[in-house]
Amino acid sequence: MHRLQSFANRSLAAGILKHHPSILSIKAFKIPCYVQAIRLQTQGCIDQSGFKRFSTAEATVAARENGKMREKTLTMETLNPHVKAVEYAVRGPIVIKAVEIERALQQGEKKPFAEVIKANIGDAHAMGQQPITFLRQVVALCTCPELLDSPILPEDAKLRARRILQGCGGQSIGSYSTSQGLDCIRQDVAAFIERRDQGVPTTWDNIYLTTGASDGIMSILKMLVSGDGPSRTGVMIPIPQYPLYSAAISELDAVQVNYYLDEDNCWALDINEVHRAFRAAKQYCNPRVLCIINPGNPTGQVQSKKCIEDVLHFAYEEKLFVLSDEVYQDNIYSPDCQYHSFKKVLYEMGPEHFNSVELASFHSTSKGYTGECGLRGGYMEVINMDPEVKAQLIKLLSVRLCPPVSGQVAMDIIVNPPLPGEPSYPQFLKEKTAVLSTLAEKAKLTEQILNTVPGIKCNPVQGAMYAFPRISIPPRAVEEAKALGVAPDMLYCLRLLEETGICVVPGSGFGQKEGTYHFRMTILPSTEKLKLLLEKVKAFHIKFLEEYGALKEPWI
């Protein structure tokens, strides 16, 4: 941990030096020297109004000299303990170190690599994926309505933009929408779900537009968490899991209940394991929520229909509220797999289940074939919620006023894309197909290359955007990690970053069975860059095993 703290400190120092180049002559960087240097720079500086300007650093020094140093209101001791408990591995210490290395490269520092390849997060456009033209056209038209008179943009895009603008206050996306989102877009989402689920009835009043899927997930969890001691709400999450869930559980002071996915069976969900986790949790909390991620993140599996039926029947029997994270529903690569929505499976189980199991399902603009992470669009559908509780949900959502309307527009195009016969359809279909077919090729490539490396085992990437390979870490490396106060796979990922420039996330940030080690990487880099990444991982891992005298051992 000391080593990780030093990374953060060096990053801070680098930032300070960058903005104050006159300090570069100080041979040994120390905070007191920095304060003195700033004081000399700013002393006697007068602004146009005639008042002397003080930097924060100078004011702090002056206060100390006068014995009037004001204590901070917010310190680590007074900070909300639930905030301190939050961890989010996807943007954790590894990424901080990666940014530091990037800055060093930009400043001309020599490294054994030319660039940092960030495979730590599912940010498609940052990895070079191009936007879907039609989606951006409609967003542009809604943002700049004067473009509606332009002959350059297609009529089907203009038709959608006009309809959305008519639903906005003042016909501007700069106005607030209702807290649940624009009615016309919620209606389009409901129609999309009915088509996707082959006629399963959908009421647009059950649709809520959100700031990405994360906003919806957090809102529902807020509604569900209550109690103290043994009555405190338990939230069942898959392990490995997306760190949003563990972070939200910590922030809300709920109880995290782990159920482990079956790595030996391609990360399938074992209903017997769910039963085990539930029974164990009842000894110390009140498990009320069951979270599913399908297709899986970080594991990339696609759950079978039978598995989903088992889960929903279990939730029905135990009166659990189901959260179904389905943001990767378009990202299915294996020909043997098919996406089944939890709602459709629930409907096919009959009215007794369909009319009673409380289910919230989530989708997003950030994944799929669009990858529009920055627009922060999403929706959730909530069924079988008590009407009085539903009113409370709307009240809670109203506190944040509304999700970004530009993100709502983007969500509308995902659920209401160009149709056959419309002017934009050929280009849209070409772009969508190209993105998904390329991802499918990269999923297969990742699995194939990683499985040629001694001591690495990678399950098929059936869906989503990630591989979660299991890595063998020799006992000597495990001992070294313990001595440094870091998890063994954190040590591995730090070494990988420092020696190759590849940024991946240690499996310990997602959860894993004790004694096993993994890392998560995206398959989003271009095919050429992904091949380079995988070959670098292969060379690094062999060197790592050689260094710790374990290359010839029979790693599984």
Checklist entry - When averaged across all projection directions, what area in nm² does the alpha-carbon convex hull of region 118-259 cover? => result 12.6
Item to check | Solvent-accessible area, 1.4 Å probe, carbon plus sulfur percent, for region 345-469 | outcome: 60
Checklist outcome for this item: So, for the Cα atoms of region 196-301, Rg and Dmax in Å stand at 15.1, 44
Checklist entry - What residues qualify as long-range amide H neighbours of Ile239, i.e. H under 5 Å apart, gap of 5 or more or another chain, H built at 1.01 Å from N? => result Tyr259, Tyr260, Leu261
Checklist entry - Using only the Cα atoms, what convex hull volume per residue in Å³ does region 120-186 have? => result 123
Next on the checklist: Run the reach check for Lys513 against aspartates and glutamates, Cα to Cα strictly under 16 Å, same-chain hits fewer than 8 apart removed. What comes back?
Outcome noted: Asp262, Glu263, Asp264, Asp270, Glu273, Asp489
Checklist outcome for this item: Whole-percent carbon and sulfur contribution to the accessible surface of region 187-239 (1.4 Å, no ligands, DNA or RNA) stands at 48
Item to check | Of Lys430/Lys529; Lys305/Lys531; Lys305/Lys367; Lys432/Lys538; Lys344/Lys395; Lys344/Lys432, those spanning more than 26 Å from alpha-carbon to alpha-carbon | outcome: Lys305/Lys531; Lys432/Lys538; Lys344/Lys395
Checklist entry - Say R0 is 60 Å: what FRET efficiency, to the nearest 0.05, do Leu484 and Arg162 get from their beta-carbon distance? => result 0.50
Checklist entry - Which distance in nm do the two modelled labels at Lys306 and Leu148 give, with both placed 7 Å along the Cα-to-Cβ direction? => result 5.4
Checklist entry - Relative contact order for region 392-504 using alpha-carbon pairs under 8 Å, separation at least 6, rounded to a whole percent? => result 11
Checklist entry - Which value, in Å to one decimal place, does the Kirkwood hydrodynamic radius take for region 306-417 when every pair of different Cα atoms is included? => result 15.7
Checklist outcome for this item: HN-Hα couplings for region 258-268 via Karplus (6.51, -1.76, 1.60; θ = phi - 60°), in whole Hz with x for Gly/Pro, come out as 8, 10, 9, 6, 8, 4, 6, 10, 6, 6, 5
Checklist entry - Label points 7 Å out from Cα along the Cβ direction at Glu422 and Gln106: separation in nm? => result 3.9
Item to check | Coarse-grained scattering of region 100-148 at q = 0.23, 0.32 Å⁻¹, given as base-10 log I(q)/I(0) from a Debye sum over alpha-carbon atoms | outcome: -0.86, -1.10
Checklist entry - Of the beta bridges DSSP finds with both residues in region 175-299, what % are antiparallel, to the nearest 5? => result 10
Item to check | Relative pair counts by distance (%), Cα atoms of region 259-349, 5 Å bins | outcome: 3, 13, 25, 26, 18, 10, 4, 1, 0
Checklist entry - Can you list the HN-Hα couplings for region 105-116, worked out from phi with the Karplus curve (6.51, -1.76, 1.60; θ = phi - 60°), rounded to whole Hz and with x for Gly and Pro? => result 5, 5, 8, x, 5, 7, 10, x, 8, 8, 8, 8
Item to check | Average accessible surface area per residue within region 172-211, 1.4 Å rolling probe, Å² | outcome: 42
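The values are calculated or read from the model by the stated rules, or taken from the named source; none is laboratory data. Predicted, not measured: the structure shown is a model, and the values here were computed from it. With ideal geometry, Cβ positions are generated from the backbone for all residues, glycine too; neighbour counts draw on all protein chains shown. Ligands, DNA and RNA are excluded from the accessible area calculation, which covers all protein heavy atoms including side chains. Shrake-Rupley method; radii C 1.70, N 1.55, O 1.52, S 1.80 Å.
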